[in-house]
Amino acid sequence: MSEPEPVSNPNQSPAGSTQGSGPGGRNESAIEKLDRNWMELLQELRVLQTGVQILAGFLLTLPFQSRFETLDDYQTTLYLANVALAALTTALILLPVSVHRRLFRLHLRAALVSSADRIAKVALAGVGLLSVGTSALVFDVTAGRTAGLVAGAALMAVLLVLLVYVPSRLRRHAEGA
């Protein structure tokens, strides 16, 4: 997820002025930069939304399967936790849109982009946890408790590397260049 670019107070910039060339050689005003950051965040949220919809849709079909009745207490609890996490993650992904509707035309784009960035990071963590929980449940039901715990732990480790370590390393490398 891209970090929104810092912007000086866009409400104090004279119309048509620019903040100079930023990364990538852009020559855009503070408002243009905020608009671009907002659009990039919306694209990222669309990707997250698709992933959550697929996982949530899968989870919502499970109770209608005949084998669902054979779940033990642990599996039922894990299933319900995943459903709750899917609903909360969906709400988080929708939150920036709701905030935008409330702040529309109030000239608070900087606050909107900043808050949406934080919300998107939390939603990304929710998608990661939902992936881990759903995989752990599937492995637990199909291959046993140990396989479920191992699969969940392994996926958690992989997601931490991919979603936390790699972006942090790339950022440190870019800042050091």
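Would you point out which residue out of 70, 61, 77, 50 is closer than 26 Å to residue 113 by Cβ and of a type in the set (Val, Ile, Thr)? Write out each step before concluding.
On the way: 70 fails: closer than 26 Å to residue 113 by Cβ; 61 fails: closer than 26 Å to residue 113 by Cβ; 77 fails: closer than 26 Å to residue 113 by Cβ.
Just a single option satisfies the conditions, and that option is 50.
For residue 135, all conditions in the list (1) more than 21 Å from residue 57 (Cα to Cα); (2) surrounded by fewer than 20 Cβ atoms within 10 Å (Cβ to Cβ) hold save one; what is the number of the exception?
The one condition residue 135 does not meet is (1).
Where the second residue is polar (S, T, N, Q) and in a helix (DSSP H, G or I) and the first is farther than 11 Å from residue 86 by Cα and touching a residue at least 24 places away in the same chain (Cβ under 8 Å) and lies in segment 123-147, which pairs have Cβ atoms under 8 Å and are six or more apart or on separate chains?
137/75; 137/82; 140/75; 141/75
Does segment 45-52 include one or more residues that are modelled with pLDDT of 65 or more, touching an Asp or Glu at 6+ places or on another chain (Cβ under 7 Å), surrounded by 12 or more Cβ atoms within 10 Å (Cβ to Cβ) and of a type outside the set (A, V, I, L, M, F, W, C)? Please lay out each step first, then the result.
Of segment 45-52, the ones modelled with pLDDT of 65 or more are 45-52.
With the extra rule that they be touching an Asp or Glu at 6+ places or on another chain (Cβ under 7 Å), the set shrinks to none.
Among the residues of segment 45-52, not one is modelled with pLDDT of 65 or more, touching an Asp or Glu at 6+ places or on another chain (Cβ under 7 Å), surrounded by 12 or more Cβ atoms within 10 Å (Cβ to Cβ) and of a type outside the set (A, V, I, L, M, F, W, C), which makes the answer no.
Given the conditions (1) under 13 Å from the mean Cα position of the chain (by Cα); (2) surrounded by fewer than 13 Cβ atoms within 10 Å (Cβ to Cβ), report the number of the one that residue 69 does not fulfil.
Of (1) under 13 Å from the mean Cα position of the chain (by Cα); (2) surrounded by fewer than 13 Cβ atoms within 10 Å (Cβ to Cβ), only one is false for residue 69: (1).
All but one of (1) at pLDDT 75 or above; (2) in a loop (DSSP other than H, G, I, E, B); (3) not basic (Lys, Arg) hold for residue 3, so report the exception by its number.
Single failed check for residue 3: (1).
Report whether or not residue 104 is aromatic (Phe, Trp, Tyr) and surrounded by fewer than 16 Cβ atoms within 10 Å (Cβ to Cβ). I'd like the intermediate steps shown before the answer.
On the way: aromatic (Phe, Trp, Tyr): yes; surrounded by fewer than 16 Cβ atoms within 10 Å (Cβ to Cβ): yes.
Yes; evaluated as a whole, the condition is true for this residue.
The values are calculated or read from the model by the stated rules, or taken from the named source; none is laboratory data. Just so you know, these numbers come straight off a predicted model, no measurement behind them. No Cβ is skipped: glycine too gets one built from the backbone with ideal geometry, and neighbour counts run over all protein chains shown.
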